[in-house]
Each structure stands twice: as C-alpha cells, then as structure tokens.
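Notes follow once the structure below has been shown.
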Amino acid sequence: MSNAKARRRARAAIVEFGIRMQVERLAYWTSGNLSMRVPGDPDLVAVSPSAMPWDLVEPDDVPLVRLDGSVLDGTTRPTSELPLHTLLYQRRPDIRAIVHVHSPAAMAMAALDWTLPAFLTGLVEATGGSVACAPYARPGSAQLADAVADALDGRGCCFLRHHGLLAIGASLPRAFQAATVTEGAADAYLRARSVGTVSDLPADEVDWIAEAWHAQWSGADTGTRG
C-alpha cells in the first residue's frame, strides 16, 4: 500500500469509527477522541479533530500528527487529549489504535473508582480480563498517560477516574471493540449489582477466553469466538 493510500484510509477510518462512537452512545456532542497509527509509518497517527461534531467531519479534516506532537497535515486542530495519545504510542510500540470515550456506564464506574470484574465472557474476549480504574490526572496532561500505564498492563481497557474510559488495540476495530463491549458490560454490572451479588468467571476460563484478546498482539488474531 502506498503511503498516500495508507494516510487516506487511516483518516477515513477515524471518521467511520467516530460516527460509530456516537451512534453507539459512547460519546456526546464533541466529546471522546480516537486515533490510529498510519500503516507503514508508525511515527505518524491519524487523530480525531478538536471540538468538531462528527456529522460534519470529512477525512481531510482529520489531522495527521507525528509522535512529537507536530501536525503534518489537516484542516483542523487535533483533539485536546493529543498528549495522552502520543505518549502512549511512544511508550507502547505495540499499541496501534486508541479510543477514549465518555459513555454513561463507564463514567459511573470512573466516578465510583470501581474495577469491572471478569464476569462476562464477551468482556474478557474484548479486554483480556477485568477492567481497572486508573487514578485521576488532569485531562490532556502527561500525568494522565502515566496514570493509565498500570491499569492497561495486560488489558485492553481501563476507566479514568472522574473522567471516562480508554481502550487500546492492535487495530482500530479491536480498540473500538474493547471500548463498546466494556460500556455494555459496565451497564450490565451496575444493573446486576443493584439487585444481587455478581460472581467472577473461574480463573481458568478467564485465561482460556483471553487467548482471543492476546492473539491480536501476536498477529495471530482470527476474530471472535462467537
């Protein structure tokens, strides 16, 4: 794939999944942001624009940004959360895409500082296991990237205290899967907790199911089990 074609496809993917983000009620108005590395140029990322409604975003509006924060191309400013994205990419060469959302159940878990246990098979397949809550740090700061490091260790997703949810993946579809499945699981967990006790999956089952999540990082991803 040519460099120009890779850039066009990355920008189009940001628009596609930005619209999906709002359709699935993962973000409201101009909240939430996402990015992906441009294939063939791991130092370059396509990232969502700042404060722009998704129904107005065109691929050419999507900024292309180097990991040092310099904007290579684009008609709009990058998201204000750009440092979070670039710092995570710098520290984790394996991360190919990031999705950050402000969805209702995730925000509730973040407000409560709760961990979402590995209680559903789909959650484990999408994230690798339980989803922890990272400590609070100011949005857009380097400290926020530091805060999520431990919470994302061996996981595809974490909550951000007093904020929302952050998901990573070896591809943008995988990062989005982690975000949207975690939102659904968090909603189910909050509902279940309101009426009874929620039990975790057995540890050996978590390990077996999580193989589908781990496969994406080795290039052996064959899709979901279902």
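The values are calculated or read from the model by the stated rules, or taken from the named source; none is laboratory data. No experiment lies behind these values; they were computed from the predicted model shown. Cβ coordinates were reconstructed from backbone atoms using ideal geometry, including for glycine residues, and neighbour counts include every protein chain displayed.
Show the residue pairs that are 6+ apart or on different chains and have beta-carbon atoms under 6 Å apart, the first residue being within the stretch 192-220 and closer than 17 Å to residue 126 by Cβ, the second being among the basic types (Lys, Arg).
Close Cβ pairs satisfying both conditions: 212/225; 216/174.
Give me the pairs, please: first residue somewhere in the stretch 55-70 and without any contact (Cβ under 8 Å) to a residue 60 or more places away in the chain, second residue anywhere and in a loop (DSSP other than H, G, I, E, B) and of a type outside the set (Gly, Ala, Ser), beta-carbon distance under 7 Å, and either six or more positions apart or on two chains.
Filtered contacts from the stretch 55-70: 60/75; 61/52; 61/75; 61/76; 63/76.
Could you pull out the residue among 73, 43 that is of a type outside the set (Gly, Ala, Ser), at pLDDT below 95 and farther than 17 Å from residue 142 by Cα? Explain how you work it out, then say what you get.
Working: 43 fails: at pLDDT below 95.
Being of a type outside the set (Gly, Ala, Ser), at pLDDT below 95 and farther than 17 Å from residue 142 by Cα holds for just one of 73, 43, which is 73.
Among the listed residues 192, 175, 203, identify the single one that is surrounded by 20 or more Cβ atoms within 10 Å (Cβ to Cβ) and either at pLDDT 95 or above or over 28 Å from residue 143 (Cα atoms) (or both).
None of the others qualify; the one that does is 175.
Just one of 105, 111 is touching a His at 6+ places or on another chain (Cβ under 8 Å), farther than 19 Å from residue 170 by Cβ, of a type outside the set (D, E, K, R) and modelled with pLDDT of 95 or more; which is it?
111
Among residues belonging to the stretch 74-90 that are in contact with an Asp or Glu (Cβ under 9 Å, 6 or more places away or on another chain) and touching a residue at least 40 places away in the same chain (Cβ under 8 Å), point out the one that is surrounded by the most Cβ atoms within 10 Å (Cβ to Cβ).
Within the stretch 74-90, the match that is surrounded by the most Cβ atoms within 10 Å (Cβ to Cβ) is 89.
Out of 7, 25, report the one residue that is basic (Lys, Arg) and not in a loop (DSSP other than H, G, I, E, B).
Checking each option against the conditions leaves just 7.
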